[in-house]
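Okay, so here's the structure we're looking at.
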Amino acid sequence: MDISQISKQLLPEPKRFPDCCLAISGTLIIYLTSLLPKKPAFTISIGSGSGLLEGLIVHYDKNVSVEGVEVDSRINRYIAEEDMNIVGGGWGLWSAAQQAAAWMFVYPRDPKLITKYIDTYGGQNVDFIVWLGPRVDWPDYELRFCQSPFSELSFPDHIGLTPYETVVVARRPC
């Protein structure tokens, strides 16, 4: 099924898709497209998997650019090939991350990878980081953000997630 057909299935309430950990809703896509920077700035999605969420964001708003970062190009199904970046293994970093205006981590596996990205590439170009995942996992990540330059945390409500999922937007304090 192509991204256009999938986008027509989106409802205000979250729906599970077989190739995305996160339940996705039209409400969530609208929220993320309003949050993420517009071109020429871009967002990277670290551990983008199939690219379904990223593909839906770009499909909804052509002024938003989201590039995927993954360890295996065969996993990607929805991100344009020119916007897909491959790293060498689960701890590999993509050096162009330092040029992105925003980073997105969807159901990340290890808090240490976020710390590694922030310590290595979290310079002044990165305005904010979006973390999406299970509420129960957030405490494992919270300390990493609180001890980083991205310690100003917000928890948006009513953005089309399941009750067991959350989104956190981490910014630099003013």
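The values are calculated or read from the model by the stated rules, or taken from the named source; none is laboratory data. On a predicted model such as this, the values are computed, not experimentally measured, just so you know. So basically every Cβ, Gly included, is an ideal-geometry build from the backbone, and we count neighbours across all protein chains shown.
So which residues in region 1-47 are polar (S, T, N, Q), within 19 Å of R135 (Cα to Cα) and touching a strand residue (DSSP E or B) at 6+ places or on another chain (Cβ under 7 Å)?
S25
Which of the residues that make up region 56-88 are outside any loop (DSSP other than H, G, I, E, B), touching a residue at least 12 places away in the same chain (Cβ under 8 Å) and out of contact with any strand residue (DSSP E or B) (no Cβ under 7 Å at 6 or more places or on another chain)?
H59, Y60
Before we move on, is L153 in a strand (DSSP E or B), over 14 Å from the mean Cα position of the chain (by Cα) and more than 20 Å from D83 (Cβ to Cβ)?
For L153, the condition - in a strand (DSSP E or B), over 14 Å from the mean Cα position of the chain (by Cα) and more than 20 Å from D83 (Cβ to Cβ) - is met.
Across region 17-49, which residue is farthest from W91 (Cα to Cα) among those that are surrounded by fewer than 15 Cβ atoms within 10 Å (Cβ to Cβ) and at pLDDT below 95?
Here is the first cut: in region 17-49, the ones surrounded by fewer than 15 Cβ atoms within 10 Å (Cβ to Cβ) are 18-19, 34, 38-40.
Filter once more, keeping what is at pLDDT below 95: 18-19.
Values: P18: 25, D19: 22 Å.
Residue satisfying both the conditions and the ranking: P18.
For region 154-161, does any single residue satisfy the condition of being on the phi > 0 side of the Ramachandran plot and surrounded by 12 or more Cβ atoms within 10 Å (Cβ to Cβ)?
Yes, there is a match, as at least one residue in region 154-161 is on the phi > 0 side of the Ramachandran plot and surrounded by 12 or more Cβ atoms within 10 Å (Cβ to Cβ).
In this structure, is V136 part of a strand (DSSP E or B) and not charged (D, E, K, R)?
So V136 does not fit the description; no.
State all residues of region 93-113 that are buried (at least 16 other Cβ atoms within 10 Å of the Cβ), touching a residue at least 60 places away in the same chain (Cβ under 8 Å) and not in a strand (DSSP E or B); if no residue qualifies, say none.
Listed by number, the residues that qualify are A101, Y107, P108, L113.
Of the conditions (1) out of contact with any strand residue (DSSP E or B) (no Cβ under 8 Å at 6 or more places or on another chain); (2) in a helix (DSSP H, G or I), L53 satisfies every one except a single condition; which number is it?
(1)
Residue under question is I30, and the condition is that it be part of a helix (DSSP H, G or I), within 23 Å of V126 (Cβ to Cβ) and either free of Cβ contacts under 8 Å to residues at least 12 places away in the same chain or out of contact with any Gly (no Cβ under 7 Å at 6 or more places or on another chain) (or both); does it hold?
Details: part of a helix (DSSP H, G or I): yes; within 23 Å of V126 (Cβ to Cβ): no; either free of Cβ contacts under 8 Å to residues at least 12 places away in the same chain or out of contact with any Gly (no Cβ under 7 Å at 6 or more places or on another chain) (or both): yes.
Criteria not met by I30.
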